[in-house]
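The values are calculated or read from the model by the stated rules, or taken from the named source; none is laboratory data. Please read these numbers as outputs of a predicted model, since none were measured by experiment. Cβ sites come from the backbone with ideal geometry, for glycine too, and all protein chains shown count toward neighbours.
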Amino acid sequence: MLDGYQIFDADAHTMMSPNMWADLPEDFAARRPRAVRISDEHGLGYWNTGWYVDGRLEPHPFGPGAQSANTPAMVLDEFQPAPGKPRAAIGSTEFPVPLASLDLSDPGARLKNLEQMAVDVQMLFPSTLYAHMTSDPGLEAALYRSYNRYVGRQCKTAPKRLRWAGLLPMREQREALAALDEMQKLGASAAVVFGTVGERLLSDPSFTPIWDVFARTTLPLCVHMGMSYPPFQELCRSIQDANMIAKALPAQLAFVAIVGNKMLDRYVNLRVAFLEFGAEWILYMFGRMEHYLKVNRRRMPATSSLPQKEVEDYARSGRIFIAPESDDAMLAQEIALLGEDQILFSSDFPHGEGRENAAGSILQRGDLTAAQKRKILYDNPINLFGSL
């Protein structure tokens, strides 16, 4: 609790570590990600370690597919720098964040960090590296399900404070359905996907059997930032490129799939949260959709795949949630578009983007009422993810 407000952090993370694939099936164990250090590290800065998986090293700071992400140096004792040298950049908290808190190997350490941040409940998501860990659907599914089992076990020690979203391996239908059943039994509060499934939109007809089953659950769907669309990766030659293109723009691709390609029409109880993309983009997308729906309804047959309702109906449906930055200058417009019940608070803890005091920044805003602050900081995430 902070200044009398309960805090539900709707988007925090477990950092990737070998603990998360300790129970990979035997067929995939030899292909698990391997932690490596680059011997010629001149000019690499913090990015002198990475995960070797399927012939690639991730993350890497230069060239196609460059991005910042969770490295072995952030989570493994044997990769820590010599005394006197700085540890790999993680966050900017004023308190220490133990390695065992980062990867949740000690849930008690994470709970202590929650106390230090005055956070009551935290929703945990995987590393964004899972968005393109491998091109092999079988290995991807095995890694996703191993992660789900790991985080489910760890959160079980404090289920009212540590909540989690299970990865849905969309490229393998049988594995996706098994993972969905398994994550519910393990206590997941949501399912998480990325903005695309490789080069296919989330609305691709091949995924309909998965969504038909998902619609019968009570889980919300979380679309999380990640470098999921391969052609975008080829455009990115720096970490900055990745932040602006390959990791950010898939939000708009997911929006087209979910709203523009009638997923909200087909699945009337589907609730969707867009996380770590910021929120300003949604104003543009709703504006563009409104413009082109008017145009295309005049020039396409009534039986087309256009959304059935008006744009305002989708915006006001209470089924689309976003997590803006705490200093978002357009927050008032986003509330006006979606409603004050659809805005989520998130810290992105323990990532190093300066959001650790995000709750305090929300409380300091003069353009929000006390009731709106209470909704953003706690009530809205509870309404989306449910209470225990």
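Can Arg171 be described as crowded, with 17+ Cβ neighbours inside 10 Å, out of contact with any Lys or Arg (no Cβ under 6 Å at 6 or more places or on another chain), in a loop (DSSP other than H, G, I, E, B) and at pLDDT 95 or above?
Taking the combined requirement at face value, the residue satisfies it.
Could you count how many residues in segment 337-366 are touching a Leu at 6+ places or on another chain (Cβ under 7 Å) and over 18 Å from Ala118 (Cα atoms)?
Residues meeting the conditions: 1.
Search segment 6-56 for residues being at pLDDT 90 or above and among the aromatic types (Phe, Trp, Tyr), and hand back the single one that is surrounded by the fewest Cβ atoms within 10 Å (Cβ to Cβ).
Tyr52
For Val151, work out the one condition from (1) in contact (Cβ under 8 Å) with a residue 24 or more places away in the chain; (2) among the aliphatic types (A, V, I, L, M); (3) over 24 Å from Ser387 (Cα atoms) it doesn't fulfil.
(3)
Only one residue in Ala176, Ala142, Ala131 is within 22 Å of Arg271 (Cα to Cα), over 17 Å from the mean Cα position of the chain (by Cα) and outside any loop (DSSP other than H, G, I, E, B), so which one is that?
It is Ala176.
What residue, among those in segment 233-272 that are of a type in the set (Lys, Arg) and either part of a helix (DSSP H, G or I) or at negative phi (or both), is modelled with the lowest pLDDT?
Per the stated criteria, the residue is Arg237.
Which of the residues spanning segment 109-127 are touching a Pro at 6+ places or on another chain (Cβ under 9 Å) and either part of a loop (DSSP other than H, G, I, E, B) or of a type in the set (S, T, N, Q) (or both)?
Asn113
Look at Ser203 and say whether it is under 30 Å from Phe62 (Cβ atoms) and assigned to a loop (DSSP other than H, G, I, E, B).
no
What number of residues within segment 310-328 satisfy the criterion of being in a loop (DSSP other than H, G, I, E, B) and under 26 Å from Ile376 (Cβ atoms)?
10
Exactly one condition in (1) surrounded by 23 or more Cβ atoms within 10 Å (Cβ to Cβ); (2) in contact with a helix residue (DSSP H, G or I) (Cβ under 7 Å, 6 or more places away or on another chain) is false for Asp3; which is it?
Among (1) surrounded by 23 or more Cβ atoms within 10 Å (Cβ to Cβ); (2) in contact with a helix residue (DSSP H, G or I) (Cβ under 7 Å, 6 or more places away or on another chain), Asp3 violates only (1).
For segment 1-42, how many residues meet the condition of being assigned to a loop (DSSP other than H, G, I, E, B), under 30 Å from Val272 (Cα atoms) and of a type in the set (A, V, I, L, M)?
Total meeting the criteria: 5.
Within segment 329-343, how many residues are in contact (Cβ under 8 Å) with a residue 40 or more places away in the chain, in a helix (DSSP H, G or I) and closer than 19 Å to Arg374 by Cβ?
3
Just the residues that are out of contact with any Phe, Trp or Tyr (no Cβ under 8 Å at 6 or more places or on another chain) and surrounded by 19 or more Cβ atoms within 10 Å (Cβ to Cβ), please, taken from segment 341-384.
Ser346, Ser347, Asp348, Phe349, Pro350, His351, Leu368, Gln372, Lys375
Pull up segment 230-251, narrow it to residues that are polar (S, T, N, Q) and touching a residue at least 40 places away in the same chain (Cβ under 8 Å), then point me to the one that is nearest to Ala323 (Cα to Cα).
In this case the residue turns out to be Asn243.
Taking Asp313, is it touching a helix residue (DSSP H, G or I) at 6+ places or on another chain (Cβ under 9 Å) and not aromatic (Phe, Trp, Tyr)?
Judged against the criteria, Asp313 is not a match.
Determine the pairs where a residue that is in contact (Cβ under 8 Å) with a residue 24 or more places away in the chain and in a helix (DSSP H, G or I), located within segment 273-296, has a partner that is surrounded by 13 or more Cβ atoms within 10 Å (Cβ to Cβ) and among the aromatic types (Phe, Trp, Tyr) with Cβ atoms under 7 Å apart, the partner being 6 or more residues away or on another chain.
Hits for this filter: Met285/Phe255.
Identify the single condition in (1) over 22 Å from the mean Cα position of the chain (by Cα); (2) among the hydrophobic types (A, V, I, L, M, F, W, C); (3) crowded, with 16+ Cβ neighbours inside 10 Å; (4) closer than 30 Å to Pro137 by Cα that Met289 does not satisfy, given that it satisfies every other one.
Failed condition: (4).
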